[in-house]
Amino acid sequence: MTTSSETPRPGPRQAKQTFAAAGEDVDVVEISPVHEEGMLTETELADPFGPDIEQQAKELAARYPQARSALLPMLHLVQSVQGYVSQEGVAFCARQLDLSEAEVSAVVTFYTMYKRKPCGEHLVSVCTNTLCAALGGDAIYAKLAEHLGEDGKPLGHEQTAGTPGEPGSITLEHAECLAACDLAPVLQVNYEYFDNQTPEQAVELVDALRRGEKPAPTRGAPLSDFKSVERQLAGFFPEEDDVFRADVDGPSQAVETLRGAQLAADRAWTAPAMADDVPLPGGEEAK
Ligand code: FES
C-alpha cells in the first residue's frame, strides 16, 4: 500500500496513455504486454544492462551532487548499449537514480537525441531548417529518403534502411538547425558534420556507409558509429588514447565560421568596454 509520504509510482498503463494523447503520428516507446497486464515488477523486466554498464551508471551518478542530474548522460549510456532508449532502459535509469519511470520517460520524449526506436549503425541527420532548406537541404532529404526507401516508398523520418544495429544500416532523420548555417546545406552522420552538401554527394555518402566505409567528415573527429558516439556523449573516453584525444580536441571550426572574427582582428576592431555600473532589469546593478 502507498502511504502519503511515499512518492507515487506511475501506473502500468500511464506511459501508454500519455503517448496516446500526443497523437497517432508520434513514435512511442513500446510498452510490453507485461506492462499492459499490470503485472510488471523490476525483476520481471529483462535487463540488457550487465554489471559493467551498471557500474558505469553508478560512476555517472557519483559525478553530480544530486544523482538525478546524471539522467541525460545515463540515457546516452543506455543508447550506447541498445541503440535507443527502450522501456527497459527507462526502468534502468529510474532504478539507478531513484526516479519514477514517468519522470525518465518525460525526459526521453522531450529531447530528440534520445531515440525511441532502434537506430541503424549510422544516424544521418539532414538539416531542413530554413536556411539549409532554401539552399538545398529539402532536396537532399528528399533524395536520401527516395534512395534509401524500398519498393518505391521513400524512407520516413527516423526510419531505418537495413536492420537496425546491423552493419551498413542507416537511420534517416530531419534535423532542426545544426548550428552551421554558414556552411549550408549541411548534414551530420553520428553528429559529425558534412558541410556544403549536394543531393549527389549525400547519396555517395550513404552508399559508402552501406558498404562499410567511414568517409571523413568535413571537420571534427573521424566517423565511428552511432553507439560509439553515444558512449562518448555519456562521458566515457579511452583516457590513454592519444589519437582519440587529438581527434576530439582538434580544431573543428570552419574558415567561414571565423570570418567575422578574422576581419575584426585584421582591422583591429574591438567591442566597446562595458561600463562599470550597468543598470539591469529589476533595479540590480552589474557587479
Ligand atoms: S539552418 Fe541548417 S545549420 Fe542552420
Quiz item: So which residues in region 109-136 are surrounded by fewer than 24 Cβ atoms within 10 Å (Cβ to Cβ) and either part of a helix (DSSP H, G or I) or more than 19 Å from the chain's Cα centre (by Cα) (or both)?
Solution: Thr130, Leu131, Ala133, Ala134, Leu135, Gly136
Quiz item: Looking at Gln188, is it within 16 Å of the ligand (Cβ to nearest atom), among the polar types (S, T, N, Q), within 19 Å of Ala145 (Cα to Cα) and assigned to a strand (DSSP E or B)?
Solution: yes
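So, in region 135-162, of the ones that are of a type in the set (A, V, I, L, M) and within 13 Å of Gln197 (Cα to Cα), which residue ends up nearest to the ligand (Cβ to nearest atom)? Even if it seems obvious, please write down each step before you answer.
First pass over region 135-162, keeping only residues of a type in the set (A, V, I, L, M): 135, 139-140, 142, 144-145, 148, 155, 161.
Now drop any that are not within 13 Å of Gln197 (Cα to Cα), which leaves 135, 139-140, 144.
Working: Leu135: 8, Ala139: 13, Ile140: 11, Leu144: 15 Å.
For region 135-162, the residue satisfying everything is Leu135.
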Quiz item: Lys153: of a type in the set (Lys, Arg) and more than 27 Å from Ala70 (Cα to Cα), yes or no?
Solution: yes
Quiz item: With respect to the numbered conditions (1) within 16 Å of the ligand (Cβ to nearest atom); (2) outside any helix (DSSP H, G or I); (3) not aromatic (Phe, Trp, Tyr), which one is the sole condition not fulfilled by Gly165?
Solution: (1)
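Read-outs throughout are calculated quantities, based only on the coordinates presented, and are distinct from any laboratory measurement. Because the structure is predicted, anything quoted here is derived from the model rather than measured. Here the Cβ is made from the backbone with ideal geometry for all residues, glycine too, and neighbour counts use every protein chain on show.
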